1. Sort F4, F47, F33, F61 from largest to smallest accessible area, using a 1.4 Å probe on the heavy atoms of the protein chains.
2. Between M1 and L20, what is the label-to-label distance in nm when each label sits 7 Å out along the Cα-to-Cβ direction?
3. So what's the angle, to the nearest 10 degrees on a 0 to 90 scale, between helix 9-39 and the longest Cα principal axis of the chain?
4. Sequence gap at least 6, Cα distance under 8 Å: using those rules, report the relative contact order of the chain to the nearest whole percent.
5. Can you give me the % of accessible surface on region 1-80 that is carbon or sulfur? Probe 1.4 Å, all protein chains present, nothing else counted.
6. Please give the solvent-accessible surface of D39 in Å², to the nearest 10, using a probe radius of 1.4 Å with every protein chain present.
7. With the chain treated as a Gaussian network of Cα nodes joined by springs under 10 Å, which of Y40, Y50, Y74 yields the largest mean-square fluctuation?
8. At 1.4 Å probe size, with every protein chain present, just tell me what the per residue accessible area of the chain comes to in Å².
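The values are calculated or read from the model by the stated rules, or taken from the named source; none is laboratory data. As the structure is a computational prediction, the values presented were derived from the model and not from experiment. Reconstructed Cβ throughout: ideal geometry from the backbone, glycine too, with neighbour counts over all protein chains shown. Please note that ligands, DNA and RNA were not included when accessible areas were found on the heavy atoms of the full protein model with its side chains. Shrake-Rupley method; radii C 1.70, N 1.55, O 1.52, S 1.80 Å.
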Amino acid sequence: MRKFLRDNGLSLTLVVITLLTLSGQLVVGWHAFNEELQDYGRPSLAFGQYLTSGHCIEAVFENWESEFLQMGLYVLLTVWLYQKGSSES
């Protein structure tokens, strides 16, 4: 297990960071969208309904446009973490 973590540290770290930030964005976006709906007197959406709404999809794709920040983070992480078979490590 220790060897697996060492050999795949970069990939595992990036997957965890991506999942955490995406989860945070989805929860915050859901609450913000429901507040907007309440301002207009419309019923709130359940989380599952929000995931398929245009608001959620648009927010996720706008966030993913920040690929320059993601690439910068990737470059910085390759300085400290190791990935077996990666030419950057």
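1. Numbers: F4 110, F47 70, F33 40, F61 130 Å².
Largest to smallest exposure gives the sequence F61, F4, F47, F33.
2. 2.0
3. Around 10 degrees separate the two axes.
4. On the way: 44 pairs, mean separation 38.8, N = 89.
That works out to 44 percent.
5. Values: 4170 of 6170 Å².
The value for region 1-80 is 67 percent carbon and sulfur by accessible area.
6. The value for D39 is about 130 Å².
7. Y40
8. Details: 6840 Å² over 89 residues.
Value returned for the chain: 77 Å² of accessible area per residue.
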